[in-house]
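Heads up, the thing below is written out as structure tokens.
What follows draws every value from the coordinates through simple rules; no lab data is involved. Being a predicted model, the structure only gives us computed values, none of them experimental. Using ideal geometry, Cβ is built from the backbone for each residue, glycine included, and neighbour counts are taken over all protein chains shown.
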């Protein structure tokens with residue numbers, strides 16, 4: 001009984017903390033079902049009209065497709081580039097290793113608006129702004145560093161005895177990496193890919209500089225929408241994106257275990 005009484009302040013504190021963190025989401029969910037045409041809380045009535053209109057908004061649908069394709073391509077290319085770079089930085093001693101690491105990690109130190117303007121000046125002469133290629137190149141600059149960091153940490157904390165045993169038994173460097181090293185660092189690699197996908201899908205500032213009529217991402221479409229309208233359709237879209245994120249996390253938890261991926 002006394003132990004329960006001693007533990008109640010912690011339970012109250014955790015409850016208050018969870019409510020504080022979830023309060024914005026709960027407000028957005030409530031607004032998305034409002035029957036009024038302007039965003040207000042608490043809702044004045046219950047209606048699903050904003051979800052119905054969301055399915056008819058071609059700008060959002062097209063933006064979602066563009067963001068999904070772009071984020072998928074960025075995640076794949078970030079892994080193909082980031083994992084070899086992480087392997088070189090973590091496992092090999094060579095002149096310029098620190099410079100190579102600084103080169104790939106430097107975009108994290110540059111403000112997004114400055115990086116976006118620089119990418120515009122580089123991509124515009126190549127005439128790939130407003131295309132999938134331009135968006136993917138722009139998003140790679142800010143996603144590759146995360147893949148390198150997660151893969152590098154997995155490599156640095158990996159017990160190399162399994163790799164040494166494989167090499168002793170005659171496996172080549174490529175076979176050892178493919179059949180031993182890569183499966184062991186898979187959680188870190190997957191975490192980097194997930195982070196790259198989410199960052200690309202959510203990126204708005206840099207995308208504003210490189211989008212065009214042929215390819216506009218969902219965050220940019222949302223930005224343009226709220227410039228002129230304030231109806232709860234944005235809240236409905238937010239609830240849909242939250243639900244997709246939760247589904248994404250559940251899938252990762254079922255497949256590999258979320259704690260193992262984030263460790």
Per the helix-only calculation at 222 nm, which mean residue ellipticity applies to the chain, given -39500 (n - 2.57) for every DSSP H run of n ≥ 4 and division by its residues, nearest 500 deg cm²/dmol? -24000 deg cm²/dmol
By the Cα gyration tensor axes a ≥ b ≥ c (a/c under 1.5 gives rounded; else a/b larger than b/c gives prolate, otherwise oblate), the shape of segment 1-92 is oblate
Segment 40-122: C-alpha gyration tensor shape, a/c 1.5 cut-off, then a/b vs b/c: prolate
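I need 149, 127 ordered by Cβ neighbour count within 10 Å, fewest first. Can you show the working numbers first?
Details: 149 20, 127 9.
Ascending number of Cβ neighbours within 10 Å: 127, 149.
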Going by how many other beta carbons lie within 10 Å of each one, how would you line up 60, 41, fewest first? 41, 60
P(r) for the chain, please, calculated from all Cα pair distances in 10 Å bins and given in %. 6, 22, 26, 23, 14, 7, 1, 0
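Do you know the relative contact order of segment 77-157, to the nearest whole percent, from alpha carbon pairs under 8 angstrom that are 6+ apart? Numbers along the way, then the final one.
On the way: 49 pairs, mean separation 47.0, N = 81.
Computed value for segment 77-157: 58 percent relative contact order.
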Over the chain, what is the mean sequence separation of C-alpha contacts under 8 Å (at least six apart), divided by residue count, expressed as relative contact order in percent? 30 percent
Cα axis of helix 112-123 to longest principal axis of the chain: angle in degrees, 0 to 90, nearest 10? 70 degrees
Tell me the angle of helix 2-32 to the major Cα principal axis of the chain, expressed in degrees between 0 and 90 and rounded to the nearest ten. 70 degrees
Enter the angle in degrees (range 0 to 90, nearest 10) between the Cα long axis of helix 58-91 and the first principal axis of the Cα atoms of the chain, meaning the one along which they spread out most. 20 degrees
By the mean-Cβ-within-10 Å protection proxy, highest first, 204-217, 176-189, 16-29, 102-115 rank as 204-217, 176-189, 102-115, 16-29
